[in-house]
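To keep things clear, I will list the structure first and then write my remarks on it.
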Amino acid sequence: MAEEKNAAIRRAEEVLYKTYNRFPVIFDHGDGVYLYDSEGKEYLDFGAGIAVMGLGYNDPEYNMDLKQQMDKLLHCSNLFYNRPAIDGGERLLKASGMEKVFFTNSGTEAVEGALKIAKRYAYNRDGHGGHEIIAMNHSFHGRSLGALSVTGNDHYQEPFAPLLPGVKFADFNDLESVKALISDKTCAVIMETIQGEGGIYPATEEFLKGVRTLCDEHDMVLILDEIQCGMGRSGSMFAWQEYGVRPDVMTVAKALGNGVPIGAFLACGKAAWAMKPGDHGTTYGGNPFVCAAADTVLRLFEERRILEHVKSMGDYLWEKLEGFSRSHDCVTGHRGKGLIQGLEFDRPVGDVVKKALLEEQLVLISAGANVIRFVPPLVITQEHVDEMMKKMEASV
Ligand SMILES: *Cc1c(COP(=O)(O)O)cnc(C)c1O
């Protein structure tokens, strides 16, 4: 068994382009909040495939809907209409209070579309291009060149320069630093409502409301990236809904399809009509198969009252992690909301994550060097949290 597995890993390293340092585990199947590897070992999953598997693995109703759609129609292109895109789109607008949706294949593509709306809006208004965008330090918006241009991380950006011109970086949760960058060329502010990869930092209410006001005063488009913190993870459907503000454009992906590749950008008000036929497109985006997944996910969220569950599980996880922080001097911070929480340590957490996986069979993921990020399937129970705490304790 071990030999077979090692041979498969060697083949993987020969075949797959090496942009990841992977852990030596081959996952074979999943059920609920557990993953099973090629040797049949069971792992408790607190990473959910990086905040993707909100409803967990192998959900019978979800699987049934996708199998039925697979037998009907997988793809037909955006030259025609398809029912799942209409149904899923309506549900997404209802859940978000936005007015228009465009389906993409990934998060980074949703960000590309959002940036294009902002540029197009300013172009329509001024009759020329050359506009600037304000983004945040320590942000993450994806790996394609536009999204990378607004990702405030030198390490990711440097080898690929020059990127999009006219992008300036402010400090997250520092309103004055945003104000200082505004010029008559600025067309948008883009930020995550809760910074994910950067270490789980929620926007303060003062900051988000302040940025909203600045965007109104200067006719800029506010883009909120909800790719990681959205889809119920914060305890609200979208994290900004707790702040009493609304973005002009929002991006979603990760948990939207519960495992099938789908993202979306949504717009309202002044941003909802900025792009015209011919301005944007995608071959796969919004096809019947992935939209059937999103439609089912949104339906099951409602039927199963997932948001209420996230709120109560989030409180329970918060209490447990607070207890852990108090009893461990190496923990220097605890942040987050609902089921997106982070524990910051006074040292890199790579070894803890590795030990948890290989010795305790607990999937944890880091966010930056020093933060363990807790983004489990939203359907976890108290017992799963207790089990995770024991395994983490043993790994630290
Ligand atoms: C993951 C992520 C992205 C990129 O999504 P991909 O599907 O990997 O392209 C963008 N923004 C945020 C906040 C993310 O967490």
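Some points to look at:
- The packing ranking, built from the mean of other Cβ atoms within 10 Å per residue, places the peptides 16-23, 323-330, 293-300 in the order 293-300, 323-330, 16-23, highest first.
- Protection proxy ranking of 64-72, 264-272, by the mean of other Cβ atoms within 10 Å over each peptide's residues and highest first, is 264-272, 64-72.
- The C-alpha atoms of the chain define a longest principal axis, and helix 205-217 lies at about 20 degrees to it.
- Peptides 48-54, 226-232 ordered by average Cβ neighbours within 10 Å, highest first: 226-232, 48-54
- Just checking the listed ones, Thr332, Thr193, Thr108: in the Gaussian network model of the chain with Cα springs under 10 Å, the one fluctuating most is Thr332.
- Of all DSSP beta bridges confined to the chain, the antiparallel ones make up roughly 65%.
- Radius 11 Å from Cβ of Gly54, net charge of other residues (Lys, Arg +1; Asp, Glu -1): +2
- 10 Å beta-carbon shell around Gln195, net charge (K/R +1, D/E -1): -2
- Other residues with beta-carbon under 13 Å from the beta-carbon of Trp240 carry, at +1 per Lys or Arg and -1 per Asp or Glu, a net charge of -1.
- Relative pair counts by distance (%), Cα atoms of region 248-368, 10 Å bins: 11, 25, 30, 23, 11, 2
- Given Lys5/Lys355; Lys320/Lys354; Lys94/Lys270; Lys67/Lys320; Lys72/Lys311; Lys119/Lys179, the pairs whose alpha carbons are separated by over 27 Å: Lys67/Lys320; Lys72/Lys311
- In degrees, nearest ten, helix 306-327 long axis to first principal axis of the chain (Cα): 60
- For the chain: span of alpha carbons on each principal axis (Å, largest first): 64, 54, 45
- Between 0 and 90°, nearest 10: helix 83-96 axis offset from the chain longest Cα axis: 90
Quick note: the coordinates plus some simple rules give every number you see, no bench work behind them. Since we're looking at a predicted model, the values are computed, not measured. Every residue, glycine as well, gets a Cβ built from its backbone with ideal geometry; the counts of neighbours run over all protein chains shown.
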